1. I need the full set of residues from the stretch 237-279 which are surrounded by 13 or more Cβ atoms within 10 Å (Cβ to Cβ) and acidic (Asp, Glu), in order please.
2. For the stretch 62-82, give me each residue that is among the aliphatic types (A, V, I, L, M) and either at pLDDT 85 or above or under 21 Å from residue 130 (Cβ atoms) (or both).
3. What helices (runs of 4 or more DSSP H) completely inside the stretch 265-324 contain at least 2 residues that are out of contact with any Cys (no Cβ under 7 Å at 6 or more places or on another chain) and closer than 24 Å to residue 249 by Cβ?
4. Just checking, which of 161, 201, 165, 145 is assigned to a helix (DSSP H, G or I), out of contact with any Pro (no Cβ under 9 Å at 6 or more places or on another chain) and crowded, with 20+ Cβ neighbours inside 10 Å?
5. Within the stretch 99-124, take every residue that is of a type in the set (D, E, K, R) and either touching a Cys at 6+ places or on another chain (Cβ under 8 Å) or assigned to a strand (DSSP E or B) (or both) and give me the one that is surrounded by the fewest Cβ atoms within 10 Å (Cβ to Cβ).
6. Condition test on residue 15, is it of a type outside the set (D, E, K, R), over 26 Å from residue 202 (Cβ atoms), more than 19 Å from the chain's Cα centre (by Cα) and at pLDDT 90 or above?
7. The conditions are (1) within 22 Å of residue 203 (Cβ to Cβ); (2) touching an Asp or Glu at 6+ places or on another chain (Cβ under 6 Å); (3) of a type in the set (A, V, I, L, M), and residue 111 fails exactly one of them. Which is it?
8. Given the options 159, 167, name the one that is under 20 Å from residue 54 (Cβ atoms), at pLDDT 90 or above and not assigned by TED's automatic domain parsing to the domain that holds residue 264.
Amino acid sequence: MLYQQKYIACPAENGIYPPSHKTYYHWMTELLSVPQFHLYGEDLNDTAYDFVHAEPIQVRARQAGGLISLHRHKYLRQVVFLTHGRCTCTIETKSHHLVGPVLVLPPPDVAHGFQFDSNAEGVVISFTDDVVRGKTGLRGGLHERLMAAQRAMFVEIKKDRVARRLKRVAGDMVGEIALRRDGYEIAMKSGLALIIVEISRLIGVGGAEGNEYNSFTDEKIERLRQLIEDNFHETRHLTDYAGWLNMTPDRLNEHCKRITGQTAGSMVRQRLLIEAKRQLVYSGLSVSEIAYDLNFSDPSYFSRFFRKATGATPQQFRLDPDQE
């Protein structure tokens with residue numbers, strides 16, 4: 001089982017935890033499973049469809065002293081727009097110290113959490129994948145633009161006029177869902193489309209300079225990612241994944257490398273490595289128990305795999321995740 005250690009409040013300068021990852025987790029004492037939510041703190045909604053939501057960061061963060069504990073969203077994509085202030089954002093096992101204005105784009109099933117300072121402001125936009133799928137334009141669709149943006153994970157906003165425009169659109173979305181006037185669903189989707197287009201411009205995709213689209217995720221890659229998520233504990237054999245996608249292993253690798261810049265085998269190993277890191281940092285399982293849980297034939301093979309990928313042994317990484 002995957003575990004998370006519960007955050008315990010501690011003194012910190014300006015309301016932000018110290019930069020050391022070891023210090024950041026020093027106050028974590030209680031083990032519990034990393035939860036999956038619909039919106040933060042809400043039960044999963046397996047039937048969620050055609051869903052767009054926007055709310056100020058302060059709505060949930062201030063209820064918990066600025067802390068959004070580590071969690072995942074199984075069915076939702078998100079855009080977290082920190083318009084003002086500071087926060088520490090944890091993605092999987094890494095902490096990132098951010099200053100607004102900045103955008104954070106955690107994909108579904110990626111563990112993430114936030115510690116916002118007392119002055120932090122912003123908007124969290126959550127939506128189901130179907131809202132942006134199929135919305136195409138002359139040079140690509142919203143889904144493709146979003147996939148490209150999510151590879152960046154963090155998007156810094158350096159121009160004041162861009163920050164003001166995004167803040168205005170995000171604020172309008174918060175107002176629409178609060179008032180729920182006639183046509184608010186259309187307005188929400190239009191606002192989301194504007195934000196995704198603006199983000200894609202910020203990262204140089206389809207911007208005024210005429211940059212060409214490249215490395216977009218497509219349906220095969222999306223399906224492969226889901227297959228890996230569902231099956232990486234049981235199998236790492238490329239032939240299995242290729243068969244499920246009705247492709248040969250060579251063809252699948254070629255397609256993955258063209259779209260993502262890495263082979264399908266690398267994608268499987270990367271997901272396995274993420275899970276190993278999660279369990280080393282957030283669980284009390286021994287290295288041997290983690291190795292067997294991840295279906296390695298013996299712990300020494302797991303240790304060699306981990307060291308080759310990170311440069312550290314599992315024991316070293318558990319003591320100091322920041323050393324990587």
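The values are calculated or read from the model by the stated rules, or taken from the named source; none is laboratory data. Only a predicted model underlies this, so the values are computations on that prediction, with no experimental measurement involved. Cβ placement follows ideal geometry from the backbone for every residue including glycine, while neighbour counts extend to all protein chains displayed.
1. Selection gives 240, 254, 275.
2. The answer is 67, 68, 70, 76, 79, 80, 82.
3. Those helices (runs of 4 or more DSSP H) span 299-310.
4. Among 161, 201, 165, 145, only 145 is assigned to a helix (DSSP H, G or I), out of contact with any Pro (no Cβ under 9 Å at 6 or more places or on another chain) and crowded, with 20+ Cβ neighbours inside 10 Å.
5. Checked the stretch 99-124; the qualifying residue surrounded by the fewest Cβ atoms within 10 Å (Cβ to Cβ) is 121.
6. The answer is no for residue 15.
7. Unmet condition: (1).
8. 167
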